[in-house]
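Written below as structure tokens is the structure these notes are about.
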Amino acid sequence: MARWLVTGAGGMLAHDLLPRLTDAGHDVTPLTRTDLDITDASACRAAVEGHDVVANLAAWTAVDDAESHEGAAFAVNALGAANVAAACERSSARLVHVSTDYVFSGDTSTPYAVNAPVAPRSAYGRTKAAGEWAVLAHCPTALVVRTAWLYGAGGPNFVATISRLATERDTIAVVDDQHGQPTWTADLAEAIPRLVEADAQGGVWHGTGSGQTTWFDFARAIFEELGLDPERVTPTTTASFPRPAPRPTFSVLDDAKWRTHGLDPLPHWRDGLNRAAPSVLRTS
């Protein structure tokens, strides 16, 4: 069994990854933001030492706030990621670094390949793209796993919000012009150790629920899981809900790399929602 270090251990993905690792018999060190400031290079070196695998889940994820605090977001998402990667290279630890679909512009209609050029449109996307570059520059064997539309029982998310609003409103307007891939944290938490155990090649991997949908159709699926009438969800446009950070119109990520390396990609997003429902949906 391996010795794992998980940064960002208080977050939504860690909520599912930590028990997955301990149930498999791994020796796990969970470090929250309070336990480890990844912008401190010496603290990262000390934390990583003695571990076989590091899952870097620590990140600035407040997308809209990053627009007015890009320097602070960069310190965590780029410089902090670089510190973790350099510490892993120094200690010969395998690094899994989680990134995002926001590194792409969204100005396409075909799924993005892992080697597609990045072109972020938001401050958050720019800082995460810089983090990807820094991680692979310091630690070429690192696994950079991009995910998207993440939801789970361990934190605020779209599924929980829609299920709450379903109890408060007769109808809910949801944007129908953004396309992506809902991803259950438990499915990603299962996939991350599989990549490590398979000794997958370093570089970028896409870890999202298979298939694609819109936020509107995702919301309708949530209503169906709740046993409610999906017609209560009505379509609207992104322009009707302006936000500080621009959202990618199309950020579907191609998962073909899994199959070409003999690995199963993450399950279909709709199947994931069905299995996630008991732990994620608000039913009272």
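Readers should treat all values here as calculations from the given coordinates under stated rules, not as data from a laboratory. None of the values given here were measured: they were computed from a predicted structure. When we count neighbours, we look across all protein chains shown, and the Cβ atoms used for this are built from the backbone with ideal geometry, even at glycine.
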Which value, in debye to the nearest 20, gives the size of the charge dipole of segment 130-255 about its Cα centre, when Lys and Arg are +1 and Asp and Glu are -1 at the Cβ? 420 debye
So, with points 7 Å from each Cα along the Cβ direction, the Ala116-Thr34 label distance in nm works out to 4.0 nm
If you line up the long axis of helix 269-280 against the longest principal axis of the chain, both from Cα atoms, how many degrees apart are they, to the nearest 10? 90 degrees
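Trypsin sites (Lys or Arg not before Pro) within segment 148-209: which are DSSP loop residues with at most 15 other Cβ atoms inside 10 Å? Show your work: numbers first, answer last.
Values: sites: Arg164, Arg169, Arg194; in loops: Arg169.
Filter output for segment 148-209: Arg169.
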Residues Asp254 and Ala173, FRET efficiency given R0 of 41 Å [Cβ-Cβ distance, rounded to 0.05]: 0.85
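Expressed in nm to one decimal, what extension gain is obtained for the pair Arg45 and Ala72 from 0.36 nm per residue of sequence separation less their Cα-Cα distance? The partial results should precede the final answer.
Numbers: separation 27, 0.36 × 27 = 9.72 nm, distance 2.12 nm.
Working it through step by step, the gained length comes to 7.6 nm.
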Can you give me the long-range amide H partners of His268? Hydrogens built in the peptide plane at 1.01 Å from N, cutoff under 5 Å, separation of 5 or more residues or another chain. Ser210
Correct choice for semi-axes √(5λ) of the Cα gyration tensor in Å that was computed from the model, options (i) 27, 22, 18; (ii) 36, 23, 18; (iii) 31, 21, 18: (iii)
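Using 0.36 nm times the number of residues separating Ser279 and Thr108, minus their current alpha carbon distance, what extension gain do you get?
On the way: separation 171, 0.36 × 171 = 61.56 nm, distance 3.42 nm.
So the chain would gain 58.1 nm between Ser279 and Thr108.
For the chain, what is the charge dipole size about the Cα centre, in debye to the nearest 20, if Lys and Arg each add +1 at the Cβ and Asp and Glu each add -1 at the Cβ? Show your work: numbers first, answer last.
Values: 22 positive and 33 negative charges, 48 e Å.
About 240 debye.
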3J(HN,Hα) from dihedral phi, segment 92-109, Karplus parametrisation 6.51/-1.76/1.60, rounded to Hz, x for glycine, proline: 6, 9, 6, 10, 10, 10, 8, 10, 8, 5, 5, 6, 9, 6, x, 9, 8, 9
For segment 51-56, just list the computed ³J(HN,Hα) in residue order, Karplus coefficients 6.51, -1.76 and 1.60, θ = phi - 60°, integers in Hz, with x standing in for Gly and Pro. 9, 8, 9, 10, 9, 8
Quick one: which residues, 5+ away or cross-chain, put their amide H under 5 Å from the amide H of His97? H built at 1.01 Å from N. Asn56, Leu143, Val144, Val145
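Using a Förster distance of 35 angstrom, determine the FRET efficiency expected from the C-beta separation of Glu231 and Asp199, and round it to 0.05.
On the way: r = 49 Å, r/R0 = 1.39.
Result of the calculation: an efficiency of 0.10.
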If one builds a Gaussian network model of the chain from Cα atoms under 10 Å apart, the most fluctuating residue listed among Leu79, Leu266, Leu228 is Leu228
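For Lys257, Lys128, what's the fewest-to-most ordering of other Cβ within 10 Å of each Cβ? Spell out each step's value before the answer.
Details: Lys257 18, Lys128 32.
Arranged by neighbour count, lowest to highest, Lys257, Lys128 become Lys257, Lys128.
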What does DSSP give for the chain in terms of the percent of beta bridges that are antiparallel, rounded to the nearest 5? 5 percent
Cα-centred dipole magnitude for segment 178-227, charges only on beta-carbon of K, R (+1) and D, E (-1), debye, nearest 20: 140 debye
Spatial separation of Cα centroids for segment 225-262 and segment 1-72, in angstrom: 27 Å
For the chain, with the dipole built from +1 on Lys and Arg beta-carbon atoms and -1 on Asp and Glu ones, taken about the Cα centre, which of Ile222, Thr29, Phe74 lies farthest toward the positive end? Phe74
HN-Hα J in Hz across segment 188-195 - Karplus 6.51, -1.76, 1.60, θ = phi - 60°, x for Gly and Pro: 5, 5, 6, 6, 4, x, 4, 4
Cα→Cβ-extended label distance, 7 Å offset, between Ala62 and Arg90, nm: 3.0 nm
Place +1 on the Cβ of every Lys and Arg and -1 on the Cβ of every Asp and Glu in segment 135-284, take the dipole about the Cα centre, and give the residue among Ile192, Thr260, Pro156 whose Cα lies farthest towards its positive end. Pro156
Would you grab the residues whose amide H sits under 5 Å from the one on Val233? Only those 5+ places off in sequence or on another chain, please, with H modelled 1.01 Å from N. Ile172
